[in-house]
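Enquirer: To start, I am sharing the structure in question, which I have written as structure tokens.
No lab work stands behind these numbers, since they all come straight from the coordinates. In this text, all values refer to a predicted model and were calculated from it rather than measured experimentally. Counting neighbours? That spans all protein chains shown, and the Cβs are built from the backbone with ideal geometry, glycine included.
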Amino acid sequence: MRRTRKWKVAAVQMTSTEDVERNVVRACKWIGRAAEEGARLVALPENAAYLRTEGEPAAFRTDVDGELVQRFAAEARRHRCWLLIGSIAERIPRSRRVYNTSVLLDPRGAVRGTYRKLHLFDIDIRGGAVLRESATVAPGDRPVTVETPLGRLGLSICYDLRFPELYRHLTLAGANVLFVPAAFTAYTGPHHWLPLLRARAIENQCWVVAPAQVGRHNSQRRSHGETAVIDPWGRVVAVKKRGEGIVAAEIDLGAVDRVRRGLPCLEHARRDLLPGRRRF
């Protein structure tokens, strides 16, 4: 597959709620704005179309081939761009739980990849956040990379960011652009979000694109924001700290090659020591 060596990406920052129609309309507005600026790929944050109170079962569930994804597919066709739906609440037959699933659409609106979040956010921080994602979400069972004309894309979601072995696996599978759609908490985000994004970019010598939820979603839930694009050297090349909007940047796959040639740490890695290698 012939690759485009340089292309523009746009990551959307949103404040989603439990109002699906409102969220979709706002997401489509930002997709259109990004396309007007020349984005070849637009990435939405985690739970872009429906963000519920943490710990409550999803009142809105859908399927990868359902109406919600079809609405976004129409936007991909309309704007002739790749579109990453950061995540949807994917229905599981005969289960109260859902999958937290990223869906990658091509410019024809066809589904080119799906990824079900592997690591579930179960935490209890004294004086901070208490969340148990596993009560309402089932984990996926495999990492996912997708070969595209824009490069091989590695998919992940939010809490996955804290598990470097996943990103090393994606990189060894050929990924050169890593996506991290998120709804990072306002409690942990100021301290951990950007440092972790930069670490994943530096240690894997990949581009990292991280569209994020921001602000107050309801009386119980607030997200940090700071949608960002990080280059393979770990530089933050674009960031939006507050409010809704888009972050756009040029992805240069040549930068991946240059960094890896000059500092060939991936060649020096002891793959026999890779954590989780049996699982994946």
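Enquirer: Can you work out D for region 1-100 in µm² s⁻¹ from Stokes-Einstein, where Rh is the Kirkwood radius over C-alpha pairs, the temperature is 25 °C and the viscosity is 0.890 mPa s?
Expert: The calculation lands on 171 µm²/s.
Enquirer: At a temperature of 10 °C and a viscosity of 1.306 mPa s, determine how fast region 55-135 diffuses translationally according to Stokes-Einstein, using the Kirkwood radius over alpha-carbon pairs as Rh; express D in µm²/s, rounded to the nearest whole number.
Expert: Approximately 114 µm²/s, per Stokes-Einstein.
Enquirer: Multiply the residue gap between Glu18 and Glu36 by 0.36 nm, knock off their C-alpha separation, and tell me the result in nm, one decimal place.
Expert: 3.7 nm
Enquirer: Please work out the ratio of the alpha-carbon Rg of the chain to 2.2 N^0.38 Å and round it to two decimals.
Expert: 0.93
Enquirer: Let me ask something else about it. Note down the net charge around Trp193, summing +1 for each Lys or Arg and -1 for each Asp or Glu among other residues with Cβ under 15 Å from its Cβ. Intermediate values should be presented prior to the final figure.
Expert: Details: positive: Arg162, Arg198, Arg200, Arg222, Lys240, Lys241, Arg242; negative: Glu46, Asp160, Glu226.
With Lys, Arg at +1 and Asp, Glu at -1, the net is +4.
Enquirer: Within 10 Å, count the other beta carbons around each residue, average over each peptide in 190-196, 221-227, and list them highest first.
Expert: The most tightly packed comes first, giving 221-227, 190-196.
Enquirer: Rounded to a whole number of µm²/s, how large is the Stokes-Einstein D of region 59-207 at 37 °C and 0.692 mPa s, given Rh as the Kirkwood radius over C-alpha pairs?
Expert: The diffusion coefficient I find is 202 µm²/s.
Enquirer: What share of the DSSP beta bridges in region 1-135 is antiparallel, in percent to the nearest 5?
Expert: Percentage antiparallel, nearest 5: 70.
Enquirer: Along Cα→Cβ, 7 Å out, is where each label goes; now give me the distance between the ones at Val25 and Arg112 in nm to one decimal.
Expert: 3.1
Enquirer: Please list log₁₀ I(q)/I(0) at q = 0.15, 0.18, 0.30, 0.31 Å⁻¹ for region 203-244, using the Debye equation with identical point scatterers on the alpha-carbon positions.
Expert: -0.43, -0.55, -0.96, -0.99
Enquirer: Can you compute log10 of I(q)/I(0) for region 178-280 with the Debye formula, treating each Cα as one identical point scatterer, at q = 0.14, 0.18, 0.24 Å⁻¹?
Expert: -0.62, -0.89, -1.20
Enquirer: Amide H of Ala138 versus every other amide H placed in the peptide plane: which residues, excluding those fewer than 5 positions away on the same chain, fall under 5 Å?
Expert: Placed amide hydrogens put Val98, Tyr99, Asn100 under 5 Å from Ala138.
Enquirer: Right, next: Check which residues have an amide H placed less than 5 Å from Phe121's amide H, if you skip close sequence neighbours.
Expert: Glu133, Ser134
Enquirer: Once both labels are modelled 7 Å past Cα along the beta-carbon direction, what's the Gln220-His192 spacing in nm?
Expert: 2.0
Enquirer: Wrap a convex hull around the Cα atoms of region 167-214, take a quarter of its surface area, and give that in square nanometres.
Expert: 3.2
Enquirer: Report the full-extension gain for the segment Arg80 to Arg162: residue separation times 0.36 nm, less the Cα-Cα distance, to one decimal in nm.
Expert: 26.2 nm
Enquirer: Take every DSSP beta bridge with both residues inside the chain and express the antiparallel ones as a percent of the total, to the nearest 5.
Expert: Of all bridge pairs located within the chain, approximately 70 percent are antiparallel.
Enquirer: Between Asp122 and Arg2, what is the FRET efficiency for a Förster distance of 41 Å, r being their Cβ-Cβ separation, to the nearest 0.05?
Expert: 0.45
Enquirer: Same structure, new question: Using alpha-carbon positions, what is the distance between the centroids of region 213-258 and region 73-113, in Å?
Expert: Measuring centre to centre over Cα atoms gives 20 Å.
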